[in-house]
Amino acid sequence: MVNQPQFSFPWTRRYRLALLVLAILLPTTLLLGAGIGAYKIAPLEIPAILLKGEGVEYQVLTALRFPRVLGAALVGALLAMAGAVLQGLFRNPLVDPGLIGVSSGAALGAALFIVLVPGSASLEAYALPVWAFLGGLLATQALWWIARTPFGTQVAILLLAGIALNSLVGAAIGLLIFASTDQQLRSLTFWTLGGFSGVTWRLLLAGLPFALLALFLLLPLARGLNALTLGEREAFHLGVDANALKRQAVLGSALGVGTAVAMAGGVGFIGLVAPHLFRLVAGPDHRYLLPGSALLGSVLAVLADLLARTLVAPAELPVGILTALLGGPFFLYLVMRFKKEVYRA
């Protein structure tokens, strides 16, 4: 068996510093997210409140704030990790789970479960991630098949097919909304807008095994993705099984995005923004990019939820709308930058 390639990038110290900063920033962000809201709690007093174990602040933290901020962190990590892997797999920084239809496929799977499965409310916390995962997996496989050519996967075709798939899924969800009851309509509205207000301990614990399995599948792909940046033929000569790598990447990404959608609905652009920001700050080595993207995605998701709760208080903005408002211009910036690089080449 040929050993996996050992890549030596000149920015090792930079990578470690970036990971250290993010590792410190994440718990700080979690404390801010848990403390700030309609009922304000000083973040520095949270440890003392937890040790006390009683009172209104304790109930607010344990029943409402903690599952919400932990769910946001988990969703952000899953979306960012899936985005980083898909960008490495397709060798293009413009690829995002939402842009290529993985998120919409997962949302359609969740919507089908909500509307079509009788008595779904009692099974929702456990079965919904499975349906969302299957929807994301089918969408990913369909797009992969469409974009596959004898000369490799064409990213332009992939993005165009993703746009078409998003349109079809939007129409299908519209039909489900038309056929849904009032209770189902409220649930579907949550999925289309996205948010963390519905994350409870039960939903968080039900999605945690799927999330851990997705991370377990995606994290070991770092060295193979590094080799794949040289091209599939070169990666083969370096001992990387490209087909096995692709299968694991697609399966892990679909599982991660499906779990994220099942927990929070349509929260977009984190899978695009987090990996790209980490590349700008540290570099492209996937051994650091994958965990760094997960940490940064968690931070961004918790901050987005915090802004959604405070910008128009006492009302609350859907997080999916906020991330789209912030991520859309960022994506346009990436497109313009990519256009300039192609023109120079």
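The values are calculated or read from the model by the stated rules, or taken from the named source; none is laboratory data. Everything numeric here is computed off the predicted structure, so don't read it as measured data. Here the Cβ positions follow ideal geometry from the backbone for every residue, glycine too, while neighbour counts run over all protein chains shown. Only protein heavy atoms, including side chains, enter the accessible area calculation; ligands, DNA and RNA are left aside. Shrake-Rupley method; radii C 1.70, N 1.55, O 1.52, S 1.80 Å.
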Original post:
Which residue, chosen from Tyr58, Ala106, Gly83, occupies the Cα position most advanced towards the positive end of the dipole of the chain, where the dipole is computed from +1 (Lys, Arg) and -1 (Asp, Glu) charges on Cβ about the Cα centre?
Top reply: Gly83
Original post:
Where a Cα-Cα gap under 19 Å defines reach, which lysines qualify for Lys40, not counting those fewer than 8 residues away within the same chain?
Top reply: Lys52
Subject >> List Tyr15, Tyr58, ordered by accessible area with a 1.4 Å probe, largest first >> reply: Tyr58, Tyr15
Subject >> Which of Pro129, Ala206, Ala294, positive extreme of dipole for the chain (C-beta unit charges) >> reply: Ala294
**OP:** Please identify, among Gln59, Gln184, Gln87, the residue showing maximal mean-square fluctuation in a Gaussian network model of the chain using a 10 angstrom Cα cutoff.
**Re:** Gln59
Original post:
Placing +1 at every Lys and Arg Cβ and -1 at every Asp and Glu Cβ, with all other atoms neutral, what dipole size does segment 192-345 have around its Cα centre, in debye to the nearest 20?
Top reply: 260 debye
Original post:
Of Gly135, Gly33, Gly327, which has the largest mean-square fluctuation in a 10 Å C-alpha GNM of the chain?
Top reply: Gly327
Original post:
How large, in percent, is the carbon and sulfur part of the accessible surface of the chain at a probe radius of 1.4 Å?
Top reply: 70 percent
Subject >> 0 to 90° range, to nearest 10: angle between helix 319-344 axis and the chain longest Cα axis >> reply: 20 degrees
Original post:
In square angstrom, what is the accessible area per residue of the chain with a 1.4 angstrom probe?
Top reply: 48 Å²
Original post:
Can you give me the relative contact order of the chain as a percent, contacts being Cα pairs under 8 Å and 6 or more apart?
Top reply: 32 percent
Subject >> Formal net charge of residues neighbouring Leu32 (Cβ-Cβ distance under 12 Å; K, R +1; D, E -1) >> reply: +2
Original post:
When Rg is the radius of gyration of the Cα atoms in segment 174-267 and Rh is its Kirkwood radius, what does Rg/Rh come to?
Top reply: 1.17
Original post:
Out of Asn166, Asn243, Asn226, any idea which swings most in a Gaussian network model of the chain, alpha carbons joined below 10 Å?
Top reply: Asn243
**OP:** Take every Cα pair under 8 Å in segment 22-93 that's 6+ residues apart, average their separations, divide by the length, and report that relative contact order as a whole percent.
**Re:** 25 percent
**OP:** Would you work out the charge dipole size for the chain about its Cα centre, treating the Cβ of every Lys and Arg as +1 and the Cβ of every Asp and Glu as -1, and quote it to the nearest 20 debye?
**Re:** 820 debye
